[in-house]
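Data first, discussion second: the structure below is written as structure tokens.
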Number of protein chains: 2
Amino acid sequence: MKVKEVADLVGISVRTLHHYDDIGLLTPEQTTESGYRIYSEMDLERLQQILFFKELDFPLKKIKEIIDSPSFNQAEALEMQRNMLLDKRDRVDTMIRTIDKTIKYKQGEIVMSNKEKFDGFDFSHNPYEQEARERWGDKAVDESNAKMNRMTNEEKKEFEETFHAIYRELAVVRHEDPASEIAQKRIGEWFEFLNQMGTYSLDAFKGLGQMYVDDERFTKNIDQFGNGLAIFMRDAMAVYADKRK
Amino acid sequence: MKVKEVADLVGISVRTLHHYDDIGLLTPEQTTESGYRIYSEMDLERLQQILFFKELDFPLKKIKEIIDSPSFNQAEALEMQRNMLLDKRDRVDTMIRTIDKTIKYKQGEIVMSNKEKFDGFDFSHNPYEQEARERWGDKAVDESNAKMNRMTNEEKKEFEETFHAIYRELAVVRHEDPASEIAQKRIGEWFEFLNQMGTYSLDAFKGLGQMYVDDERFTKNIDQFGNGLAIFMRDAMAVYADKRK
DNA sequence: ATTGACCCTCACGCTACGTGATACTCTATA
DNA sequence: TATAGAGTATCACGTAGCGTGAGGGTCAAT
């Protein structure tokens, strides 16, 4: 599909599509020789995601971060957006009630406190942003990705070998208690290793562990070294983090 | 009340209040000798109005025009805003349904057309702006007549656009009484429009309205412009026809 | 008399596009 | 086959609605 077709379909401007391309938020899969942007089905689905987040007042930059995050999971996102929209509807309902009250108030039928007059507004913060950040946005995770990108291929290989080694060592003890001494020692090595790249707080570390289980791409990857390793690591990482706080 | 008290009460920033003062949208009634802005009850009520319009995506400039218009009437405005919020809730509901569909679609349970994937979006125009302009703006009435005249001269595409425009205008008032003045005025435009294509008798017009509800192909088509529009149109068309016989 | 929370006014920065200007591409039709 | 008309492209500057300091007064409490 060409720009205008897409624009008309979803009700946004051509300029907006150009803009999304400029900032790398939505770059069409194909372009013709003459430079026309051609949007695929997948592009459209990405656009749908973008618009949902936008409706919920996420800035474009954050939307990009979220959607491009390696741990992004569309099914989860949709469910989250659903909840946010339900919230939004509640807010609109509250505002409608506020209007009804105001009408009566104006007719002298009831009294209204100042606070009541503004019920349903309060845009002061985006309550969903935190939520999204917790699920996909952890700065620590992003940072380590950025570092990964800056590394050369050689370095990457070396790096990979090191952490595969740690995985293997962990896999060996994965049937032990996650709180056991040996498990904690090895998970400690893991923590230190990660801290060589980016700085992981204990909370971020714990969160990362949870992600190993929640995001099946991680789970698959990790469980290659031994079935149930992801779950074991999550538990061990939680114990490790909690003990040190 | 001083700036921060107001800001905290309604959940906006102090800077925003400054900005509204700068552009003359909300200038506090009083200032202390030292230059502190002091907001009165009336200022708060004006602010409430402003925020309602803002929630409905009116630009600040237009909000100022509207509120400062000599023909502005607060009671009327509140009622209008109420309708707009009802519409907004409909849109949110539609989006929620779209999400639900998308979830099922992703699981392979159903198929989804591209149009369906973006149901509930379409920000392409603010249907309320026109409405507000008509009630409180200056240009008022002739515009629709002018539209009609241009229509006869031009081609099919514009033709279609025009009647979509009428649908949209009708959709805006669909929460009003079908017998109300505004509803009748707009349904009258519809009648005239149809009579430029073929000649409709009043009875045929009424019958057509009934068909909008009986034939679900019509219903679907019409309700794209707003849930319940078909039923509203049928009722308004019936009233229109009966009154003129 | 001092501190800390609040207030003021510039004034520049930022996001998410809007709005031309200028030029190329594609398709339908005379 | 030439030409118009609708669409597309890339600059590049403009705009709205604030955010974010900087630099400096004000006010009540300690």
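The values are calculated or read from the model by the stated rules, or taken from the named source; none is laboratory data. Please read all numbers here as calculations on a predicted model, not as lab measurements. Virtual Cβ from ideal backbone geometry, glycine too; neighbours counted across all protein chains shown. Each accessible area value is taken on the protein alone, full model and side chains, heavy atoms only, with ligands, DNA and RNA left out. Shrake-Rupley method; radii C 1.70, N 1.55, O 1.52, S 1.80 Å.
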Within the range B:11-46, work out how many residues are modelled with pLDDT of 95 or more, open to solvent by 60 Å² or more (accessible area, probe 1.4 Å) and of a type in the set (Ser, Thr, Tyr). 1
Of the listed residues (A:MET84, A:MET80), the one being open to solvent by less than 40 Å² (accessible area, probe 1.4 Å) and either within 13 Å of DNA strand C (Cβ to nearest atom) or within 14 Å of the chain's Cα centre (by Cα) (or both) is A:MET80
Can you spot a residue in the range B:198-209 that is of a type in the set (D, E, K, R), open to solvent by 30 Å² or more (accessible area, probe 1.4 Å) and modelled with pLDDT of 55 or more? yes
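Results for (1) without any contact (Cβ under 8 Å) to a residue 12 or more places away in the chain; (2) among the small types (Gly, Ala, Ser); (3) more than 16 Å from DNA strand D (Cβ to nearest atom), shown as yes or no for each residue.
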{"position": "A:VAL3", "(1), (2), (3)": "no, no, no"}
{"position": "A:GLY11", "(1), (2), (3)": "yes, yes, no"}
{"position": "A:HIS18", "(1), (2), (3)": "no, no, no"}
{"position": "A:THR31", "(1), (2), (3)": "yes, no, no"}
{"position": "A:SER40", "(1), (2), (3)": "no, yes, no"}
{"position": "A:ASP57", "(1), (2), (3)": "no, no, no"}
{"position": "A:LYS62", "(1), (2), (3)": "no, no, no"}
{"position": "A:GLU65", "(1), (2), (3)": "no, no, yes"}
{"position": "A:GLN74", "(1), (2), (3)": "no, no, yes"}
Candidate set from the range A:1-37 (those that are among the charged types (D, E, K, R) and within 9 Å of DNA strand C (Cβ to nearest atom)); member that is nearest to the other protein chains (Cβ to nearest Cβ): A:ARG15
Out of all the residues in the range B:96-107, is one or more open to solvent by 20 Å² or more (accessible area, probe 1.4 Å), aliphatic (A, V, I, L, M) and either modelled with pLDDT under 85 or not assigned by TED's automatic domain parsing to the domain that holds B:LEU170 (or both)? yes
Residues of the range B:38-70 being of a type in the set (A, V, I, L, M, F, W, C), away from every other protein chain (no Cβ under 14 Å) and within 16 Å of DNA strand C (Cβ to nearest atom), which ones? B:ILE38, B:PHE58, B:LEU60
Scanning the range A:170-197 for residues that are at pLDDT 80 or above and among the charged types (D, E, K, R) gives A:ARG174, A:GLU176, A:ASP177, A:GLU181, A:LYS185, A:ARG186, A:GLU189
Given (1) surrounded by 15 or more Cβ atoms within 10 Å (Cβ to Cβ); (2) within 16 Å of DNA strand D (Cβ to nearest atom), identify the lone condition not met by A:ARG91. (2)
